[in-house]
Structure formats: structure tokens, C-alpha cells
């Protein structure tokens, strides 16, 4: 059975600094049409950085849509769809935590909300961490924390860490570490 849908018509509703919103008419596999609402986003990158003491670099920041302070790994939006994900990850890790890494490990991609958004989040792990100065964006207020990897896993399993990219990257980091694949 064919599962693909074909874009017939695109109408932009909003074009913003971070996202665009459009409504598409789509041709379904059964020949009927349907409305598809799509949020366009340039994508993001996150880095699960592991110190030599097996601590994960984390940041706490207020996340306006949830009206709460969220604990997550360093992450950020790509400047454009042309920006290389790893370069974005290196930049965000440095800006948010002051850290740089000797080695980066590709942990794959995450589709956070495939029902209505085209955002892709690239996941990386990092080791060989050194520290310098932070340089957060002028509208970014962060509290940096180092949390033992084992504690991060417990916090994910207990529901204390709610952020999807953090959950995925930290659990992948833990699995790679346990398998000896972070060398």
C-alpha cells in the first residue's frame, strides 16, 4: 500500500524569527485531499557532554511555553538549514557552558514532533571536556550544573528530566559508555 502524501498547495500563515507556519492541501493515498498544518523550523542540535568524572553538563533554564524551569543538556537552534549540525553543537556547548570537547560522537537524529513540525534535532555526545568562558545569547539565562551520569539516568526514569532530546541523548550516551564505545 502506498503511504505517501503529495503536496498540492502551500499557504504561509506566519513567518517568524524561529518558525514559519503553513497550511498545505495534500493528496492522500486514497485520492482524497486533507489539510496539513506544518511548523517549519531550521532544526537544532544538542550535546551530551561527559566530564572525566562521569558528569553530564546540564543547564537549567526557564522555558516559556511550559512556564517552568527545565533541566536539559546544552542545545540550540541552527542558524540556518545550511549550518553543519556538529558546528552548531560545538558553538552551543561553548556558549552555554564554556566547554569544548576533544571528541564528538554522532548519536543520530530525533524527530521531536513529526505530526506537525519538520524540526530535526541532531544528537551528539562529547568527551575530553575543557572549560573556558561562557557566552550565552543576550536573552538566554542559564544555570550550569554537572550531574553524575548515573544520577541523570535515574532522573530521566523518575520523570524529573522531561526534555525529550535530553532523555534520548543521555540514555544513548549511557549505553555507549557501558558498551565501551566512547573511546
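Rule-based calculations on the coordinates, nothing more; no lab input. Values in this document were obtained by computation on a predicted structure and should not be read as measured data. Heads up, the Cβs are rebuilt from the backbone with ideal geometry, glycines too, and the neighbour counts pull from every protein chain shown.
Each peptide in 82-93, 39-50, 23-34 gets a packing score, the mean of other Cβ atoms within 10 Å over its residues, and the list from highest to lowest is 39-50, 82-93, 23-34. By its C-alpha gyration tensor, with a ≥ b ≥ c as the square roots of the eigenvalues, how is the chain shaped: rounded for a/c under 1.5, else prolate for a/b larger than b/c, else oblate? Prolate.
What is the helix-to-structure angle for 85-97, meaning the angle in degrees between its Cα long axis and the longest Cα principal axis of the chain, kept from 0 to 90 and rounded to the nearest 10? It is inclined by approximately 50 degrees.
Applying 1/(1 + (r/R0)^6) with r as the Cβ-Cβ distance of residue 54 and residue 10 and R0 = 41 angstrom yields a FRET efficiency of 0.30. Could you check the spin-label model distance between residue 181 and residue 23? Points 7 Å from the Cα along Cα→Cβ, value in nm. Between residue 181 and residue 23, the simple spin-label model gives 4.5 nm. The mean sequence distance of close C-alpha pairs (under 8 Å, at least 6 residues apart), as a share of the length of the chain, puts its relative contact order at 22 percent.
Axis angle, to the nearest 10 degrees, between helix 164-178 and the longest C-alpha principal axis of the chain: 50 degrees.
So for the chain: antiparallel DSSP bridges make up what percent, rounded to the nearest 5? Write out the running numbers ahead of the final one.
Details: 41 of 48 bridges.
In the chain, approximately 85 percent of DSSP beta bridges are antiparallel ones.
Only Cα pairs under 8 Å and 6+ residues apart enter the sum, and on that basis the relative contact order of the range 1-109 stands at 17 percent. For the pair residue 80 and residue 146 in one chain, pulling the backbone fully straight at 0.36 nm per residue adds 20.8 nm over the alpha carbon distance.
Short-range pairs are left out: with C-alpha atoms under 8 Å and at least six residues apart, the relative contact order of the range 50-89 is 27 percent.
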